[in-house]
Every structure is written in C-alpha cells, then in structure tokens.
Amino acid sequence: MSAQIRLVEITDANRDAVVAVRVHPAQDRFVASVEKSFRDAEENPDANPWFRAVYDGEEPVGFVMLSWDVTPGPGLIGPYYLWRLLVGAGHQGRGYGTAILREVVALLRAGDVPELLTSCVPGEGSPEPFYRGFGFVPTGETDEDGEVILRLDLRR
C-alpha cells in the first residue's frame, strides 16, 4: 500500500487530536510525544522549529518536526534536521513513515536543500533501520544525548 498523506498546520482546532497521536508504548524510549515536541519547540526557538500534523483524509496519523535552516552550533544540528517523526501506534506498518519522509524530502528539494540530518537512539527497536532503508547513512558522529547522527543526500 502506498499511503496518501498531507502535512497540515497545527491550530487550536486540531491540536488536541494531534496530541492524542501516540506511538506504541515499546517505542516511547525512541520517539518523544507530540506534546513533548511542542515543549521542545517552545524551549528551543533558536532551532527554528517547523512542525506539521500528518493526516490521512480527515484523521491525524502522525507528526513531523524539523529544525529549519539553522546555523549549526552547540545543541543545534542542521541546517535541516529531522527532529521528530512519529506515526500513531494504530497506523504503523502502512507506509506512513515513508510517505512522510517523501513529502519532507520533496519540500526540501524544492528549496534546493542539499542534505537532511536526523538522529536516533541506537538499540533493539531503534528506528535506525527504517532511516537507513530510506537512504540515510551514519555520519560517524553522535549528538549530545548519544544518539547516532544520520545524513540523507538530497542531491540524488
């Protein structure tokens, strides 16, 4: 199945429904919640957070957040960094994660962005295999929390 999604701005009208989207409990140690993402965005304005709800039809199925065009520095990976990507537990395994990445990559390529970085907690159940399957490769670096930093070349 090829998931059909759209990225939607988060407003007062849809905020509660988006916050209710949660990953499977076994994934909590790998992916922070939407609510924590909002707090992180508010506490880190220098990261220039850009976030959207992910909808399939009229139903929120996920969430994505990037640092958008930042100057890398202490605590800031960039210039474009996939900070958060989550698909709700009941919607996993349907291609939404790949569809979200494709949509984000298309937006970045339209802006002539050369690369996208992300990071993930290593270990059993980590999303690293998913990212690597999409084309991300480890940079050999880790962030301040010990997460593996991955890079996707957008010029291909």
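The values are calculated or read from the model by the stated rules, or taken from the named source; none is laboratory data. Note that the coordinates shown come from a computational prediction; the quantities given were computed from them, not determined experimentally. Using ideal geometry, Cβ is built from the backbone for each residue, glycine included, and neighbour counts are taken over all protein chains shown.
Points to keep in mind about this one:
- Complete set of residues in region 12-41 that are among the hydroxyl-bearing types (S, T, Y) and either more than 23 Å from L108 (Cα to Cα) or in contact with a helix residue (DSSP H, G or I) (Cβ under 9 Å, 6 or more places away or on another chain) (or both): S33
- Tallying residues that are touching a residue at least 40 places away in the same chain (Cβ under 8 Å) and of a type in the set (D, E, K, R) within region 21-43 yields 3.
- Subset of region 73-94 [at pLDDT below 95 and either of a type in the set (S, T, Y) or assigned to a loop (DSSP other than H, G, I, E, B) (or both)]: P74, G75, I77, G78, Q92, G93, R94
- Residues of region 30-72 satisfying the condition of being assigned to a loop (DSSP other than H, G, I, E, B) and either aliphatic (A, V, I, L, M) or surrounded by 12 or more Cβ atoms within 10 Å (Cβ to Cβ) (or both): F30, V31, A32, S33, N44, N48, D69, V70, P72
- Positions within region 5-29 being of a type in the set (G, A, S) and surrounded by 11 or more Cβ atoms within 10 Å (Cβ to Cβ), in sequence order: A17, A20
Listed here are the residues, each with its yes/no results for (1) within 17 Å of G90 (Cβ to Cβ); (2) more than 13 Å from the chain's Cα centre (by Cα); (3) of a type outside the set (V, I, T).
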site	(1), (2), (3)
S33	yes, no, yes
D46	no, yes, yes
W50	no, no, yes
V54	yes, no, no
E59	yes, yes, yes
D69	no, yes, yes
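- Residue match in region 44-63 (condition: without any contact (Cβ under 8 Å) to a residue 12 or more places away in the chain and of a type in the set (K, R)): no
- Single residue of region 73-106 satisfying the filter (surrounded by 20 or more Cβ atoms within 10 Å (Cβ to Cβ) and among the hydroxyl-bearing types (S, T, Y)) that is farthest from L150 (Cα to Cα): Y96
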